[in-house]
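Comments concern the structure below.
Bear in mind these aren't lab numbers, they're just calculated from the coordinates by the rules spelled out. Quick caveat: nothing in here was measured; it's all calculated off a predicted structure. Here the Cβ is made from the backbone with ideal geometry for all residues, glycine too, and neighbour counts use every protein chain on show.
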Amino acid sequence: MKKIHFLYIVLIASFLSCEKSSDGTSGDALYSGGTGVGGSLAKFTIAGNYLYAVSSHYIYTVNISDSKKPVQTNETPLSFDMETIYPYKNNLFIGSKTGIYIYSLENPAAPKLIGEAKHGRSCDPVIANDSVSYSTLKGSTFCGPATSGLYVYDVKDLNKPQLKVTIPINEPIGLGMADSALYVSCAAEGLRVYNIKNAYTPVEKKLFAGYNFIDVIPYNDILICWTTEGIVLYDITNRLQPVFIKKIAA
């Protein structure tokens, strides 16, 4: 598993540095005053001139405006088990074993908690945009007793996220979205593709079996999938109809 995880990180880094974005800039531009591209299981991210990393009970903030001399500016202690971090605009969405927590980056050197939505103890990757947040909870002996599924939150008011719907799913793990499509990794069951044109009522359109899916990153018209068998790439020019490109074995 560690070998596959390492390959996943290296591939993403190489892919983003070589690939061109839709406006003709290189992938490196995503890391210059912008937001880093990562999967929903990421434990660190880049937003603007800062790197944010999470451990079980801390958010670490590092100023990387001078890449040769990074400076830690803050260490935020927390009372819950943090698992994942997802940046969107001026906020960080934190997935934990007890809920979703939203941190404002109004002061990027010191993230501030502004909203939360608690749930039963479970593993909890999370992604979001301006109005909706999607989270997968996986009930198990390790993660906790919560019901496994896709949880949809209204986050138009970041101070008061509201659970809108829960869709039962077996073994959900990482997830990602591109325009009106949501991709959910469901381990050995495969990759589920949802139409989220109506953001709060996802409609399943396809299930891709054949691999054990762990996480996904939509990047332009490519869906990068981390599986236990290696990296699998799909063309998502048609967001709801992924087309297999290639597999890169671990």
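Normalised by the number of residues in the stretch 171-250, the average gap of Cα pairs under 8 Å and 6 or more apart makes the relative contact order 22 percent.
Taking the Cβ of Asn129 as the center, what net charge do the other residues with Cβ under 15 Å away carry, scoring Lys and Arg +1 and Asp and Glu -1? Value of the local net charge: +1. Taking a Cβ cut-off of under 15 Å around Asp179, the surrounding Lys, Arg, Asp and Glu residues balance to a net charge of 0, with basic ones at +1 and acidic ones at -1.
For the stretch 89-104, no residue has its backbone nitrogen under 17 Å from a point 7 Å from the Cα of Glu75, taken along Cα to Cβ. Simple point charges give the picture: +1 on the Cβ of Lys and Arg, -1 on the Cβ of Asp and Glu, and for the stretch 171-250 a dipole about the Cα centre of about 180 debye. For Gln162 and Lys68, a Förster radius of 51 Å and the Cβ-Cβ distance give a FRET efficiency of 0.70, rounded to the nearest 0.05. Summing Cβ point charges (Lys, Arg +1; Asp, Glu -1) relative to the Cα centre of the stretch 99-250 gives a dipole of roughly 200 debye.
Placing R0 at 30 angstrom, the Cβ-Cβ distance between Phe244 and Asp179 gives a FRET efficiency of 0.90 after rounding to 0.05.
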